[in-house]
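Remarks on the structure that follows.
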Amino acid sequence: MTLEEIKHSLEKDFKHELTRKIVGLPPGIARKWTQGGRKDYIETISHISKSKNHWRILVKVWQGHISIMPYMMAYDKVGITASHITDPSGPMELLHFNTHFFKRYRERLQLDIEKPEEVIKQFFRKNTTMLTGYYPMPDGTHQLFCPVYGGLALGKFHEALGIKEFKTFVDDSLLHENQKRDLAKVWKNVVAQVDQRMMIRLMALYGNTWWGTYVG
């Protein structure tokens, strides 16, 4: 799939199918959590859309809170990729992780996982919330980044498509101390801006399954 095809598939599936499916999940999740002794758990549900797109819906219940995170797996000319819409009902970000990103993620974290599909599964289980920012470079440009488990996802924003594509992974050991300090400053501003938007949405849409539902 090209980036254009991926964007079309994501938007089409969310509009006609995925949002409705996600909204219907919490009652069953709550029952499973109660029947399981109210213990925290995380699972990945497979779903093939009517358009034959392969989706995984990550469900996490932690201290009585439900969070639901869908992502779509697809293939390009190189290998397997994964795409995720952060919040289709609010300030949407379309994040795309290409084959090279997952190759570097596996190598640099020294994951003992052979199947690419399982590498993707572990990545999203470790990163149930993702926010992006821009790091100012010496040449005046800005590097797109996203803090993830074990390091940083680095990529490029395709402005015409509205897609943030992440092409490689840098683990924490490859970052200098001054880079870590500068990134921390940028990240603090990103989180503050997102927190303000999120609080407004939570107050208006408490119980919305996308941001999380409390079942305890």
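Values for this structure:
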quantity: Residues located in the stretch 22-47, provided they are under 18 Å from the mean Cα position of the chain (by Cα) and not hydrophobic (A, V, I, L, M, F, W, C); calculated: GLU43, THR44, SER46, HIS47
quantity: Pair list, Cβ under 7 Å, 6 or more apart: the stretch 27-41 residue of a type in the set (A, V, I, L, M), other residue surrounded by 11 or more Cβ atoms within 10 Å (Cβ to Cβ) and outside any strand (DSSP E or B); calculated: ALA30/VAL215
quantity: Number of the exception - TYR135 against (1) modelled with pLDDT of 95 or more; (2) more than 27 Å from ILE22 (Cα to Cα); (3) touching a helix residue (DSSP H, G or I) at 6+ places or on another chain (Cβ under 8 Å); calculated: (1)
quantity: ASP87, sole failed condition from (1) of a type in the set (Asp, Glu); (2) at pLDDT 90 or above; (3) under 19 Å from ILE163 (Cβ atoms); calculated: (2)
quantity: Filter result (small (Gly, Ala, Ser), crowded, with 16+ Cβ neighbours inside 10 Å and more than 22 Å from MET1 (Cα to Cα)) within the stretch 38-89; calculated: SER67
quantity: Cβ-Cβ under 8 Å pairs, at least 6 apart or on other chains, the stretch 110-121 side in contact (Cβ under 8 Å) with a residue 40 or more places away in the chain and surrounded by fewer than 18 Cβ atoms within 10 Å (Cβ to Cβ), far side part of a helix (DSSP H, G or I) and not polar (S, T, N, Q); calculated: none
quantity: Pair list, Cβ < 6 Å and 6+ apart or interchain, from the stretch 54-83 residues that are without any contact (Cβ under 8 Å) to a residue 24 or more places away in the chain to residues that are buried (at least 16 other Cβ atoms within 10 Å of the Cβ); calculated: HIS54/MET73; VAL78/THR99
quantity: Candidate set from the stretch 93-129 (those that are of a type in the set (Ser, Thr, Tyr) and assigned to a helix (DSSP H, G or I)); member that is farthest from TYR75 (Cα to Cα); calculated: TYR105
quantity: Sole residue being touching an Asp or Glu at 6+ places or on another chain (Cβ under 8 Å), charged (D, E, K, R) and free of Cβ contacts under 8 Å to residues at least 60 places away in the same chain, chosen from LYS50, LYS12; calculated: LYS50
quantity: Those residues of the stretch 7-37 which are outside any helix (DSSP H, G or I), small (Gly, Ala, Ser) and closer than 15 Å to SER67 by Cα, in sequence order; calculated: GLY24
quantity: Boolean, TRP33 is farther than 20 Å from LEU95 by Cβ, modelled with pLDDT under 95 and surrounded by 17 or more Cβ atoms within 10 Å (Cβ to Cβ); calculated: yes
quantity: Number of positions in the stretch 136-171 that are out of contact with any strand residue (DSSP E or B) (no Cβ under 8 Å at 6 or more places or on another chain) and aromatic (Phe, Trp, Tyr); calculated: 1
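The values are calculated or read from the model by the stated rules, or taken from the named source; none is laboratory data. This is a predicted model, so every value here is computed, not measured. Glycine also receives a Cβ, built like all others from the backbone with ideal geometry; neighbour counts cover every protein chain displayed.
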